[in-house]
Amino acid sequence: MPDIEQLTRDARSDLEAAATVAELEAAKVAHLGRSAPLVLLLRDIRELPPEDRGRVGKAGNVARKELEALAASRHDALAAVELDDRLRADAIDVTLPARSMPRGTLHPLTQTRRLLEDIFLGMGYDVVDAPEVESEWYGFTALNTPVGHPARNPSDTFYVAGHDADAGANDDALILRTQTSTAQLRAMQLRKPPLYVVHPGRVYRRDDIDATHSDMFHQMEALAIDEGLTLAHLKGTIESFLHRLFGEELDVRLRTHFFPFTEPSVEADVQCFSCRGTGDPSAEDAASGAFDRCRVCRGEGWIEIMGAGMVDPNVLGVVDGYDPERYSGFAFGIGIDRVAMLRHGFPDLRMLFQNDLRFVRQFAGRP
Amino acid sequence: MRVPYSWLRALVPGLPDDPSEVVDRLSVSGTYVEAVHEVGVAGAGNGGGEAFRVGRVLEFGPHPDADKLRLVQVDVGEGQPRQIVCGASNFAQGDTVAVVLPGGRMPDGMEIKEAKLRGVASRGMMLSERELGLSTDHAGIMILPAEWTPGAPLHEHVPLGDHVLELEVTGNRPDCLGMLGVATEVGAAMGLDLFDMSPTDVEATAGGDVRDHVTVSLEAPDLCPRYMARAFVDVRVGTSPLWLKAWLARAGMRSINNVVDVTNYVMLLTGQPLHAFDADQVGGSRIVVRRAEQGEPVTTFDGAERTLTSDMLVIADAERPAVIAGVMGAADVEVTAETTRLVLEAACFDGHSIQGTSRALGLRSESSSRFEKGLDPYSPEVALGFASRMLVELCGAAMVPGTIDEQAPDGLAPLPTFTVPDALAPRILGIDVPEAGVRDTLERLAFTVERGADGWDVTVPHTRMFDVTRPIDVVEELGRFRLADIPSVLPPIVTGGALLTRIQRLRRLLEDTAAGLGLTEVVTYGLVAPGTGESLGNHEETLVRLANPMTVDHAELRTGLFPAHLEVARRNIAAGAPDVAVFEVGRTYYAAEPGTTGDDGLPRFSNERDVLGVLATGSLGSGRWDLDGIPADFPAIAGLVHSLLAATGVEAQLEPIPNAPDWVHPGQAATVRAVGGGVLGWVATLHPRYAAGLGVEADAVAAHLDLHAIDAARTLVPRFAPFSEFPPIVEDIALVLSDGVAGGEVLRAARAAGGALLESVEVFDRYVGAPIPDGHHSLALRLVFRAADRTLTDAETAEVRGEVVEQLVGEFGAELRG
């Protein structure tokens, strides 16, 4: 009959000597596995004389429990060491470049368009769509722009081939719209007052393409028609809008202007967000010596930003349900491309449409 | 319009020295000041410019060392004469001259210093008109009137230094193309009275009658509602006084001679152009206001021969056109040094006609740029009065009695007269304007105002008669001087809140998803090169082409985004970035049948569709460092399309395009269709020949998805669908299929055969090569079985699997492998 104490000593010694989890597993198999002497002894305990069974069984079980506990604690210790070793070996140079995953950016025009939309959504204006190919009626006549107005001419406006007979004096002639104001009439035709809408979109003009001109650019039109709207509401709305766009504390100034479809007509200036109206160069520009005045407003202190006005009664009178004796309203338009240029400070309008990825990817923020 | 501030101050005497307040107020009241230029001698008349003096030549002699220089002794009021070395020779002893002393700063910024010229000290400089910016005359030094006292500051006699205000005059305000109109604005904006210009006419002192000198026949009264003329004799053509030259120069006009300068001065003053004829050159002493004959030639004052058309108005004599009306005169009737007898024209021409003529001839003048705005028919008599007085006073002319005044048969358009209801101004402006304020503003603007029962009866001044015709226009007059007083109020919007439409939200979702998937957004031109639409297989009649393109490469509206996206790829590849993956949500345009209406019931003049375009070449992700990028090939872009659509909740399938267009790869083109729904767009590798034609040699894959089609296919608010709590059973099968069999069809057939217990089928391998026979491939499918209410048994799974295999074998001739 094996000597339980001897078996236990041998096993303890082997288990303690194991230097790795693998060696420990081997020792476990040898001493606690199916064919280990101690395990066989306990399995075959019925073959012992009855008077020995109790003593041997008890001692065997005590020994096995002790060895199992030892094996478990040795396993924990060895595994911990081995994990530490592996992690140490897995250390990587975290300063190396990361793996390059695909990454995308929204175009600055989209970002600016959404910002403008969101400001007006917040004020309760719906966003509406409108077509870009229009009739002269929508483009000019209905906007109180009579035959003979300089804009209403093939020298300034693109006409559609085959639909350009008597261009400039033909309500049915087709144009690429020159301003998003065309959406005014369509919005009025679709809904009755109160009407509060904005429309961002593309417009086309026969301009040579250069750093500040393009034959295609983007505007957003706003139109509000209700009972009791006045120039004071226009002023409040423009201020609110420009404060959200450029900064809460900036002054806003209205100047009288002329548009055929508004009366009175104004242009809105916002105090320069860069120099805060002083006209002085930024600290950086002044230090560089390259600029003696503010680069953003060219030293003016003001930035000319949008055209606006009270909707002309002649425009209201075009659509049923918009009696100018009962309703009044205001409209304004702002250049999305220009706002993008101002916000991001790039110098050339053409960059927006050249799509050099080094340009677009600079503007990764989401407004 | 260039406004010399010294001239403005002469018309509005109360103005401050510094123009900045005028600049601010004018800009707000509607005449935007684009720039203020400081011209001439800085600060002259404003505490500066004292070094510029009147001088008298006491004596002069030759320079010992230079033939062309003179040594001049000049009295500049210092008791002792100064010695000045001078290169001019157009003066004599006793002449009065202009002198700048050392320390004076010239208009160009140069400071005058004592200097030695060829060894002789010069203690100042004698000045020409050009050096002072008074004219372009540099033939010699200025000779001043003899009665000016030596030593007097020059600015007491000549506007030496000035500010010039550059005004942006809007199309409705031709009155502000004249100094009187600007002065009227300034008076109203500043609350200042204007200088009394009377008398504004002069007595006729010559004998006879104007009709002895010229007769006028008005044959085109539709293009010329009024033609006025006067005659003058004993005219002495010469140079103009310095103040007149200075104001003309600062207003941007050249001094010609005193007669022409008077007509230009009065035009600048009143905004009404005038024309002076040498009466002896007017053939037959007859002026005919008529349409030109088709092809009639005329040689204009600038020396160019021009061919006229029959819709152009000319002022002709008995034989030939003397003036292209309102635009430019002919050389041979202009006033010259020999002229002694004048005919002075002041007329009203139709603005559209002048604009058309000016455009057609490519010829703009100070005159045409005023007439084309549409001038009133009353200004000619005002301008004629001013000019007559000046011709008499400055040119020694005697006016012949009588004024020719030919008018259209229905007479002059009357001045607008109407009542402005009291309620209108507050209703539009949001402020009350007190009675005194209404009266003050309108009277300063030269309106006639009378208080009515519940409104103002106003008569509009003739210079504003086409701009102010309705009560609302008068409200603007009141508002524009009170913009700073108008409070800021937000409208009480009661529409119940705003929300983007389905399409607008879809657009944002697609944009964000595309950017999130690694695509960079681009914005490209809507106009493309001619032939682009046809090269994509569109018929000419479906395209929208321009009648008047500006450049050859922007001649028609696009029908697809990818040609422009190829250009984006070309540009970026050339810039050293071979991996280009871009998208754009943009509009495409097709011609519409007459009478087409949109979903909203309103007319549509073209069919405009918003499309999501994707184009990629190179790798997705750069592939630098330790991992290759994903090649931007057809499967990758097809995967992007699926991901984009999955973000909108739309499940799509790709179908081969039989007879694909020639701009796509014949074996890599697919229609994108919503499962169980309509066509959403396409995805295709572009044909290498097509891409190379647009400068891209690398393989490029493009996709187009129609936003409205996606929107129609999606469920905006998906309903909850319960999912099983029980475990799946996964089984793989491999089939040998003939190469003609489309994998997508196999998947659909498997799904249909599997019924409710087959949760999903995916392809996990496709193998070609031994032991699979030629013309065949092996397709490995992973079948996932699951029931909603129980754990499936092996027997149940085997039965469904058997049905799937049976279907695939039957439908596609598949053989089960292994």
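No lab work stands behind these numbers, since they all come straight from the coordinates. In this text, all values refer to a predicted model and were calculated from it rather than measured experimentally. Glycine gets a Cβ as well: all are built from the backbone with ideal geometry, and neighbour counts include every protein chain shown.
Semi-axis lengths, largest first, of the ellipsoid equivalent to segment B:729-816 are 25, 12, 11 Å, with √(5λ) applied to each eigenvalue of the Cα gyration tensor.
Neighbour counts of other Cβ atoms within 10 Å put B:MET126, B:MET253 in the fewest-to-most order B:MET253, B:MET126.
Using Cα-Cα distances under 8 Å and only pairs 6 or more residues apart, what relative contact order does chain B have, in percent?
Working: 1646 pairs, mean separation 65.8, N = 818.
Value for chain B: 8 percent.
Charges were assigned to the Cβ only: +1 to each Lys and Arg, -1 to each Asp and Glu. The resulting dipole of the protein assembly as shown about its Cα centre is roughly 1980 debye.
Between A:ASP207 and A:ALA286, the contour length at 0.36 nm per residue exceeds the alpha carbon distance by 25.0 nm.
Report the one residue of B:MET106, B:MET125, A:CYS275 whose Cα lies farthest in the direction of the positive end of the charge dipole of the protein assembly as shown (charges on C-beta: Lys and Arg +1, Asp and Glu -1; origin at the Cα centre). Final value for the positive-end residue is A:CYS275. For segment B:385-423 versus segment B:722-738, the spacing of their alpha-carbon centroids is 98 Å. Applying the criteria of a DSSP loop state and at most 11 other Cβ atoms within 10 Å to the GluC sites (Glu not before Pro) of segment B:688-775 yields B:GLU697, B:GLU725.
R0 = 60 Å: FRET efficiency of B:ASP18 with A:ARG88, Cβ-based, nearest 0.05? The partial results should precede the final answer.
Numbers: r = 78 Å, r/R0 = 1.31.
For B:ASP18 and A:ARG88, the calculated efficiency is 0.15.
Our estimate of slack between B:PHE195 and B:THR299, defined as 0.36 nm per intervening residue step minus the Cα-Cα distance, is 33.3 nm. Counting, for every residue in A:153-161, the Cβ atoms of other protein chains within 10 Å of its Cβ and taking the mean gives 5.
Give me the orientation-averaged projected area of the Cα convex hull of segment B:502-713, in nm², one decimal. List each step's numbers first, then the result.
Numbers: hull surface 51.4 nm².
If I average the Cα hull's projected area over directions, I get 12.9 nm².
Working from label points 7 Å from Cα in the Cα-to-Cβ sense, the A:ASP44 to B:ALA413 distance is 12.9 nm.
Dipole check for segment B:729-816: with +1 at the C-beta of Lys and Arg, -1 at the C-beta of Asp and Glu, and the Cα centre as origin, the magnitude is about 220 Debye.
Only Cα pairs under 8 Å and at least 6 apart count here; give the relative contact order of segment B:366-480 as a rounded whole percent. If you can, show how the numbers build up before the last one.
On the way: 103 pairs, mean separation 35.9, N = 115.
The normalised contact order for segment B:366-480 reaches 31 percent.
Excluding same-chain neighbours fewer than eight residues apart, the lysines reachable from B:LYS116 by a Cα-Cα span under 19 Å are B:LYS68.
Taking the Cα centre of segment B:502-713 as the origin and placing charges on Cβ (Lys, Arg +1; Asp, Glu -1), which of B:ALA581, B:ALA647, B:GLY537 is farthest toward the positive end of the dipole? It is B:ALA647.
Under 15 Å from a label point set 7 Å out along the Cα-to-Cβ vector of A:ARG350, the amide N atoms of segment B:507-534 belong to B:525. Peptides A:79-92, A:31-44 ranked from most to least packed give A:31-44, A:79-92, packing being the mean of other C-beta atoms within 10 angstrom over each peptide's residues.
Exposure proxy for B:HIS37, B:HIS462, A:HIS218: other Cβ atoms within 10 Å of each Cβ, ordered fewest to most, give B:HIS37, B:HIS462, A:HIS218. For the peptide B:426-432, the mean number of other protein chain Cβ atoms found within 10 angstrom of a residue's Cβ is 5. For A:ARG55 and B:ARG782, a Förster radius of 56 Å and the Cβ-Cβ distance give a FRET efficiency of 0.40, rounded to the nearest 0.05.
Taking square-rooted eigenvalues a ≥ b ≥ c of the alpha carbon gyration tensor, is segment A:1-158 rounded, prolate or oblate, where a/c under 1.5 means rounded and, failing that, a/b exceeding b/c means prolate? Prolate is the answer for segment A:1-158, as a/c is 1.5 or above and a/b outweighs b/c.
Ordered by packing density, taken as the mean number of other Cβ atoms within 10 Å over each peptide's residues, highest first, how do B:234-240, A:243-249, B:789-795, B:172-178 rank?
On the way: B:234-240: 17.3, A:243-249: 14.3, B:789-795: 10.9, B:172-178: 24.1.
So the peptides B:234-240, A:243-249, B:789-795, B:172-178, ranked by packing, come out B:172-178, B:234-240, A:243-249, B:789-795.
In segment B:729-816, with Lys and Arg counted as +1 and Asp and Glu as -1 at Cβ, which of these residues, B:VAL784, B:VAL741, B:PRO773, has the Cα nearest the positive end of the dipole, that is, farthest along it? Comparing the listed Cα positions along the dipole, B:VAL784 ranks first. With r defined as the distance between the Cβ atoms of B:GLU540 and A:LYS192 and R0 fixed at 35 Å, what FRET efficiency is calculated, to the nearest 0.05? So the FRET efficiency works out to roughly 0.25.
If you take the alpha carbon radius of gyration of segment B:210-407 and divide it by 2.2 N^0.38 Å, what ratio comes out, to two decimals? Don't jump to the answer; show the numbers that get you there.
Numbers: Rg = 15.3 Å, N = 198, 2.2 N^0.38 = 16.4 Å.
Output field value: 0.93.
Partner chain Cβ atoms within 10 Å, averaged over the residues of A:218-231 - can you pull that number for me? Working shown, then result.
Details: counts 1, 0, 0, 0, 0, 0, 3, 0, 5, 0, 4, 6, 12, 12.
Mean inter-chain Cβ contacts per residue within 10 Å come to 3.
The modelled label-to-label distance for the pair B:TYR767/B:GLU725, using points 7 Å beyond Cα in the direction of Cβ, is 4.1 nm. Taken over the protein assembly as shown, the convex hull of the Cα atoms encloses 301 Å³ per residue. Within a straight-line Cα-Cα reach of under 17 Å, A:LYS58 can be paired with the following aspartates and glutamates, leaving aside sequence neighbours fewer than 8 residues apart in one chain: A:ASP3, A:GLU5, A:ASP44, A:GLU47, A:GLU66, A:GLU68. Rounded to the nearest 20 debye, the dipole magnitude of chain B is 1100 debye, with +1 charges on Lys and Arg beta carbons, -1 on Asp and Glu beta carbons, and the Cα centre as origin.
Contact order, relative form, for segment A:1-99: 32 percent (alpha carbon pairs under 8 Å, 6 or more residues apart, mean separation divided by residue count). Along its principal axes, chain B has C-alpha extents of 130, 80, 58 angstrom, given from the largest down.
Taking 0.36 nm per intervening residue step and subtracting the Cα-Cα distance, what contour gain separates B:ASN90 from B:ASP774 on full extension? Write out the running numbers ahead of the final one.
Values: separation 684, 0.36 × 684 = 246.24 nm, distance 10.73 nm.
Working it through step by step, the gained length comes to 235.5 nm.
In what order do B:PHE418, A:PHE259, B:PHE723, B:PHE634 fall by count of nearby beta-carbon atoms within 10 Å, going from fewest to most?
Numbers: B:PHE418 16, A:PHE259 25, B:PHE723 8, B:PHE634 20.
Placing the least packed residue first, the sequence is B:PHE723, B:PHE418, B:PHE634, A:PHE259.
Sparse packing (at most 16 other Cβ atoms within 10 Å of the Cβ) combined with a DSSP loop state is found for the following GluC sites (Glu not before Pro) in segment B:241-345: B:GLU293, B:GLU319, B:GLU338.
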